[in-house]
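Notes for the one structure printed next.
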Amino acid sequence: MNPGTADSLNFLSKLTFGRVFNALKVVSSFYISRITKKPVQWGLPISVSVEPTTSCNLRCPECPSGKREFTRPTGMLQNDFFTKTIDELHRKVAYLIFYFQGEPYLNPKFLDMVSYASDKGIYTATSTNAHYLNDSNAKKTVESGLDRLIISIDGTTQETYEQYRVGGDLKKVIEGAENIIKWKKELKSKTPHVIFQFLVVKPNQHQIEDVKALGKKIGVDEVRFKTAQVYDFEKGNSLIPTIEKYSRYKKNANDTYAIKNNLLDHCWRLWHSTVITWDGLVVPCCFDKDATHQMGDLKKVNFAELWKGKEYHNFRSSVLRSRSEIDICKNCTEGTKVWS
């Protein structure tokens, strides 16, 4: 069976009646909101991102965690808070992403949290720079029930890789991927679905075909190419690829750059998903990396109340009214093709 088909079937196998009914309510409320230009929200999120930690071992140039530029505190998601949150949401949530900022494997309880969510029947995914996928962690990862493992590999030679993954060691990334593949075979496990994610920037765009070959050699299930978010793009940036297909930005006649997205006044993310920081803050989406638009604090109020509360209502209203006026939306890919 094709790995992508197997992964899709695995996800579908986790869809209970409660999760499907919740998804139908969310989709219906989204389209009603688009038509009426008034926010309606039925159900709870289909997808939730939780942040295991803001800490990271690398210093990637376009990442607030890597650049150590957060104004919010750095810390670790606590297991008791996580389990309490999952206990509230697991009957509705179908997809749980263990990632926002930082490197998940730096949290010593990370794989315990994955196991807890997996036992609740939720499809689980994470994204890692793979520097901590030693033999022991690789075995524990497969045993945890993790459904999807995205490994960032932004170059096929050390020289190219470290231009974006500053401080990284490509050899460790490859060894980590090989460890996962080995333990999947040893444990006769179909999961996790392993993806090589290649963030296309100008310094590595010449290795697109090379990473496909590397992924095939190692035995990963899929190789994906992702466009890069660049913060200072208006006057050009050395990271913007020259291959137009892999750029979020278009060059204007006056040699300035603009995002390809037309910023339509709606956003599916605000209806179907949410992001929870390591310390319990809820923010609207993954573009709010510094948690400047806080919808509430789960240490003070339960999620259902917060999800349908005043802050979320006002933010959704703002998006439906004029999304281009919201700072985190101005460099957003919602409505553009990101994956290839």
Item checked: Size-normalised alpha-carbon gyration radius of region 131-198, reference 2.2 N^0.38 Å -> 1.12
Check: When the solvent-accessible surface of protein heavy atoms is calculated with a 1.4 angstrom probe, in what order do His266, His193 fall, highest first?
Finding: His266, His193
Notebook entry, point to check: Could you state the principal axis extents of the C-alpha atoms in region 1-110, from the largest down, to the nearest angstrom?
Noted result: 42, 41, 31
Note to self: Can you give me the orientation-averaged projected area of the convex hull built on the Cα atoms of region 104-236, in nm²?
What the structure shows: 8.7 nm²
Note to self: Using a 7 Å offset from the Cα along the Cα-to-Cβ direction at both Lys185 and Lys299, what is the distance between the two label points in nm, to one decimal?
What the structure shows: 4.6 nm
Notebook entry, point to check: Relative to the Cα centre, what is the charge dipole magnitude of the chain, using +1 at the beta carbon of each Lys and Arg, -1 at the beta carbon of each Asp and Glu, and rounding to the nearest 20 debye?
Noted result: 940 debye
Next item on the list: Kindly give Rg over Rh for region 270-324, based on alpha-carbon atoms, with the Kirkwood expression for the hydrodynamic radius.
Entry: 0.94
Next item on the list: From largest accessible area down, sort Asp255, Asp87; use a 1.4 Å probe on the protein chains.
Entry: Asp255, Asp87
Checklist line | Stretchable slack from Ile35 to Lys310, in nm (0.36 nm times residue separation minus alpha-carbon distance) | finding: 96.9 nm
Next item on the list: For region 218-321, state the semi-axes of the equivalent ellipsoid (square roots of 5 times the eigenvalues of the alpha-carbon gyration tensor), sorted largest first and rounded to whole angstrom.
Entry: 32, 19, 13
Checklist line | Cα-only radius of gyration and Dmax that characterise the chain, units Å | finding: 19.8, 57
Notebook entry, point to check: DSSP beta bridges in the chain, what fraction antiparallel, as a percent rounded to 5?
Noted result: 25 percent
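The values are calculated or read from the model by the stated rules, or taken from the named source; none is laboratory data. None of the values given here were measured: they were computed from a predicted structure. As a convention, Cβ positions derive from the backbone with ideal geometry for all residues, glycine included, and neighbour counts pool all protein chains shown. We work out accessible area using only protein heavy atoms, side chains counted, and drop any ligands, DNA or RNA first. Shrake-Rupley method; radii C 1.70, N 1.55, O 1.52, S 1.80 Å.
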